[in-house]
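Okay, so here's the structure we're looking at.
The values are calculated or read from the model by the stated rules, or taken from the named source; none is laboratory data. Because the structure is a prediction, the values reported are computed rather than measured. As a convention, Cβ positions derive from the backbone with ideal geometry for all residues, glycine included, and neighbour counts pool all protein chains shown.
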Amino acid sequence: MVKENLCVQIAGLGSRDEVVMNDLQWIQSAKNGDEDAYAELVRRHSGGLHRTVARILADDTEAWDVVQMAFLKAWQKLDRYNPRFSFTTWLYRIGTNLAIDLLRSRTSRERAHKAGTEHRLRLVGSGEGAGARADSTEATNVLQQLVEVLTPQQRSAFVLREMEGLETAEVAEVLGCSATTVRNHIFQARKALRRELKARFPEYLPASERG
Amino acid sequence: MNCEIFRDSIGSYVDETLEEDRRLWFRTHLRECPTCREEALREEPSLLFAMAPASQSEPEAVEACVAAVMGRIRQDRLKRRLLQRRRPWFAAAAAAIIAIGGGLTWRSVIGGGSGTQESVVASAKGSELQRSPPTVEVEMAGEEVRVYQFANDEDSDTAVYFIVDPALEL
């Protein structure tokens with residue numbers, strides 16, 4: 001499924017295809033009632049799913065709850081899993097839907113509070129430049145603005161596409177919408193973020209842009 | 001050369017028209033080249049978020065998640081098993097309660113109008129009856145199932161059944 005960030009790195013396994021094959025083997029065993037096999041699937045995928053959900057919710061702790069719920073739901077529906085699709089895509093669909101439901105159920109005040117107090121957005125970069133400054137508490141404020149200005153669907157699409165590096169078709173599959181809708185979500189999200197960054201966080205922009 | 005290609009690709013990346021395999025290269029270069037990053041952010045500030053790393057979760061947190069999920073799965077399985085095994089005993093207990101209840105009703109009807117009053121009075125005195133120690137009877141009633149019967153010495157009409165499966169005891 002995944003090009004970069006979502007790719008599961010297993011020691012001793014050389015390619016993504018091998019990982020997917022092993023996933024299918026574990027799933028088959030789990031379907032036959034092998035709980036240890038399912039535990040292995042949880043071990044492989046919980047970290048990646050947590051990172052994605054935490055970015056959508058802007059809350060590390062709550063994200064673990066959602067991850068647990070997603071794996072429980074996946075276990076209960078394991079008989080309905082279609083091996084033609086990636087297990088990761090199926091799992092991320094369950095997790096993302098739970099995260100979207102949670103975002104919708106929160107009040108805007110709760111969202112702002114949680115984003116402002118608990119989440120840390122980790123961005124790479126070293127030396128001079130905006131990227132280097134991004135890995136700071138200021139990034140938390142940027143994420144807080146994300147919660148305020150983006151709808152749950154826009155936020156999920158943007159995180160999956162821009163931060164996790166999924167292909168458009170994969171994001172569409174996870175969110176259960178068309179590729180055109182995904183592109184529209186990304187476009188709207190980028191537009192809102194561009195506006196917010198310029199207006200509220202000019203320090204993230206290059207010196208020539210800050211005015 | 002790479003930087004030149006990168007800068008030419010910024011527009012198509014943002015417009016979602018850059019080929020998928022080129023996007024991965026674009027994002028990698030964005031992270032690794034400070035000069036191009038500066039240029040890209042000047043053109044499109046929201047590219048800041050494309051630099052988010054694939055941070056790994058703490059192994060302890062992952063193991064805690066595995067334990068929590070598998071614990072819930074096992075708990076659900078035990079609950080289902082217990083419910084399935086209890087079903088026939090629940091039916092038997094329900095039949096016994098109906099029989100006892102029917103017997104009490106019959107007695108009160110046979111005993112006339114005052115019988116009802118007597119049962120109300122008896123209920124009011126329930127707390128007094130509970131003071132005396134209950135009788136405990138244990139019997140093996142089927143494979144892997146023990147039935148505990150608690151009955152009050154002073155009230156032979158009332159009985160409570162507890163059904164325990166030793167295999168499910170923690």
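Data table
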item: Candidate set: segment A:29-69, residues that are at the interface with chain B (Cβ under 7 Å from one of its Cβ atoms) and of a type in the set (D, E, K, R); chosen: the one farthest from residue B:74 (Cα to Cα); result: A:51
item: Unmet criterion (only one of (1) within 17 Å of residue A:159 (Cα to Cα); (2) of a type in the set (A, V, I, L, M); (3) not in a helix (DSSP H, G or I)) for residue B:18; result: (1)
item: Residue in segment A:176-205 that is nearest to the other protein chains (Cβ to nearest Cβ), counting only those that are surrounded by 15 or more Cβ atoms within 10 Å (Cβ to Cβ) and not in a helix (DSSP H, G or I); result: A:205
item: Residue in segment B:54-62 that is at the interface with another protein chain (Cβ under 8 Å from one of its Cβ atoms), surrounded by fewer than 18 Cβ atoms within 10 Å (Cβ to Cβ), at pLDDT 85 or above and under 43 Å from the mean Cα position of the chain (by Cα) present; result: yes
item: First in segment B:12-25 and of a type in the set (Asp, Glu), second anywhere and crowded, with 16+ Cβ neighbours inside 10 Å, Cβ under 6 Å, 6 or more apart; result: B:16/A:183; B:20/A:167
item: Test: residue in segment B:100-123 that is modelled with pLDDT of 65 or more and surrounded by fewer than 11 Cβ atoms within 10 Å (Cβ to Cβ); result: yes
item: Test: residue B:24 is under 22 Å from residue A:166 (Cα atoms) and surrounded by fewer than 19 Cβ atoms within 10 Å (Cβ to Cβ); result: yes
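Table: residues versus (1) at pLDDT below 80; (2) surrounded by 14 or more Cβ atoms within 10 Å (Cβ to Cβ).
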{"site": "B:6", "(1), (2)": "no, yes"}
{"site": "B:19", "(1), (2)": "no, no"}
{"site": "B:36", "(1), (2)": "no, yes"}
{"site": "B:66", "(1), (2)": "no, yes"}
{"site": "B:77", "(1), (2)": "no, no"}
{"site": "B:81", "(1), (2)": "yes, no"}
{"site": "B:90", "(1), (2)": "yes, no"}
